[in-house]
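Derivation of every value follows stated rules applied to the coordinates shown; laboratory data play no part. Computed from a predicted model, the values in this text were never measured in an experiment. Backbone-built Cβ (ideal geometry, glycine too); neighbour counts: all protein chains shown.
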């Protein structure tokens, strides 16, 4: 009887150890994932950002009293790195890519849109937030007949986020505020992986192995493309350079 108990205990411990090993081992996707990365730069001097006069709304002027607001059409760092450039796959997708399940957010903070450029998938949810102590009127204006509908919604201070999703690809949808005419932003709606370059001009996106055409979009300088081949474990680089106007 004692021997049977010992065997049963040993068998149970073996099962527990095996289960623990499975839980601690990271799962591996059946399809290996590659990565594309690079840097986007501006060749030449960036145009000087224009200051924004927010004095017509005291709530906006007060927030920006210590850090004057400026336009964001071209934002380049000291090393020439170009921010707010959307990089996405324009050719080479299977067509079966599911939209990201992670909601994105566009905030109204200091009477400016943050981020200035946002990228989302077709069907991916995005939240529009008002962190200001003043009302805003959000007005995206997609191109007519492109599959996305224009809308115009007011949002009061402390109001709930607006939950939005877009029906069709469009790079990029301009956004304005009818109350504060200086407020401008863009929403790029794409299929598949995407990235928006940071303050150093760097971007990165995860993709399955394959051959793709990348498109880089900048609101002032337009688009550029590059063809890349991704193999598992061999991340390619794709850099873009826009000529200063």
Worksheet item: GNM, the chain, Cα, under 10 Å: largest mean-square fluctuation among 37, 200, 101?
Response: 101
Practice prompt. Using the number of other C-beta atoms within 10 angstrom as an exposure proxy, rank 221, 136 with the fewest first.
Written response: 221, 136
Fill in: Among 41-52, 209-220, the order from most to least packed when residues are scored by Cβ within 10 Å on average
209-220, 41-52
Worksheet, complete the sentence: Among beta bridges assigned by DSSP with both residues in the chain, the antiparallel ones amount in percent, to the nearest 5, to 75 percent
Response to the item:
FRET efficiency for residue 234 and residue 101 from the Cβ-Cβ distance with R0 = 30 Å, rounded to 0.05, comes out at 0.60
Worksheet item: Which value, in Å to one decimal place, does the Kirkwood hydrodynamic radius take for the range 108-191 when every pair of different Cα atoms is included?
Response: 12.9 Å
Item to complete: For residue 127 and residue 202, calculate 0.36 nm times their separation in residues minus their Cα-Cα distance, and state this gained length in nm to one decimal.
Response: 24.5 nm
Worksheet item: In vacuo Debye scattering of the range 31-243, one point per C-alpha: log10 I(q)/I(0) at q = 0.13, 0.15, 0.18 Å⁻¹?
Response: -0.78, -1.00, -1.32
